[in-house]
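Worksheet: one structure, shown below.
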Amino acid sequence: MLRIFIYFFILTGTSLISLQSGSAQVVVYKIDFEQEGSSINYNFYEDGWVVADATGGPASWILTFFEGPLRRYITITDFGSLFYANKGNSVKAVLSAAASNGTPQTTFLAIGTPSQTVKQQNIKVEVANQLEGVTSSADDESELPFDVKEGDKGFAGFSKMKASLQRSRTDDANSNNLSVEETFAELILSLERRGYTPFVVAEPATSEDITN
């Protein structure tokens, strides 16, 4: 069922936003999803990638999925954030994002303990080697911008989420003084070399298109 991806894509947007360039400690995570628990009409993403400033800040996401035999990806910049929460001497890394300004209601949340050092020049930052959590997505599909052709309506479900530090990509980005946006662009090129293509939502037909 492709509609969960299409609708999420429409709501969040997928344009690459040109950010101000500048060096920062960059961290790259690979995201894996595994469906669990009760669900209905629910198919989630194959996997994903997140790029962010290692010290914390807005996160940029790549989410991949299959469209028939085709491998597709969508990009979402400034979607949620990576941040560090502390209580006394305990510190946790948190990766959090939510699409809640409409439907579907989709959330991503993973938590991990900083245990690895990311270095750029003489500056070091401790980051989590792995973050674990859950995703959830639900929509009654009462106001879809397109027709549901499958005959089913509404979906809901959960997935386990695991974010694993990509040590090689992270180190390469920092040794080359790449910014978050430059690292994100290189990651997209890497996926395209592996055969992934961007998912493009067709513009809905207008009354003028139909009459012409």
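The values are calculated or read from the model by the stated rules, or taken from the named source; none is laboratory data. Since we're looking at a predicted model, the values are computed, not measured. Heads up, the Cβs are rebuilt from the backbone with ideal geometry, glycines too, and the neighbour counts pull from every protein chain shown.
Quick check on the range 93-117: of everything there that is touching a residue at least 24 places away in the same chain (Cβ under 8 Å) and not in a strand (DSSP E or B), which residue is surrounded by the fewest Cβ atoms within 10 Å (Cβ to Cβ)? Here the answer is Asn101. Of all residues in the range 158-168, those being surrounded by 18 or more Cβ atoms within 10 Å (Cβ to Cβ) and either assigned to a loop (DSSP other than H, G, I, E, B) or over 17 Å from the mean Cα position of the chain (by Cα) (or both) number 1. If you take the residues of the range 119-143 that are among the β-branched types (Val, Ile, Thr) and in contact with a Ser or Thr (Cβ under 8 Å, 6 or more places away or on another chain), which of them is nearest to Ala97 (Cα to Cα)? This residue is Thr135.
Taking the listed residues Phe79, Phe66, Phe83, the one that is under 22 Å from Leu187 (Cβ atoms), of a type in the set (Phe, Trp, Tyr), surrounded by fewer than 15 Cβ atoms within 10 Å (Cβ to Cβ) and within 16 Å of the chain's Cα centre (by Cα) is Phe66, with no other qualifying. For the residues Ser90, Ser38, Ser60, the requirement of being closer than 30 Å to Gln120 by Cα, surrounded by fewer than 20 Cβ atoms within 10 Å (Cβ to Cβ) and hydroxyl-bearing (Ser, Thr, Tyr) singles out Ser90.
None of Ile123, Ile76 is of a type in the set (A, V, I, L, M) and either within 20 Å of Ala163 (Cβ to Cβ) or without any contact (Cβ under 8 Å) to a residue 60 or more places away in the chain (or both) except Ile76. When the range 45-57 is examined, which residues are found to be part of a strand (DSSP E or B) and surrounded by 16 or more Cβ atoms within 10 Å (Cβ to Cβ)? Selection gives Gly48, Trp49, Val50, Val51, Ala52, Asp53. Of the residues in the range 123-137, none is at pLDDT below 85, under 22 Å from the mean Cα position of the chain (by Cα) and more than 19 Å from Gly57 (Cβ to Cβ). In the set Tyr42, Tyr73, Tyr84, only one residue is closer than 28 Å to Gly154 by Cα, in contact with a strand residue (DSSP E or B) (Cβ under 8 Å, 6 or more places away or on another chain) and part of a strand (DSSP E or B); that residue is Tyr73.
The set of residues from the range 25-35 being surrounded by 18 or more Cβ atoms within 10 Å (Cβ to Cβ) and in contact with a Lys or Arg (Cβ under 6 Å, 6 or more places away or on another chain) comprises just one member, Val28.
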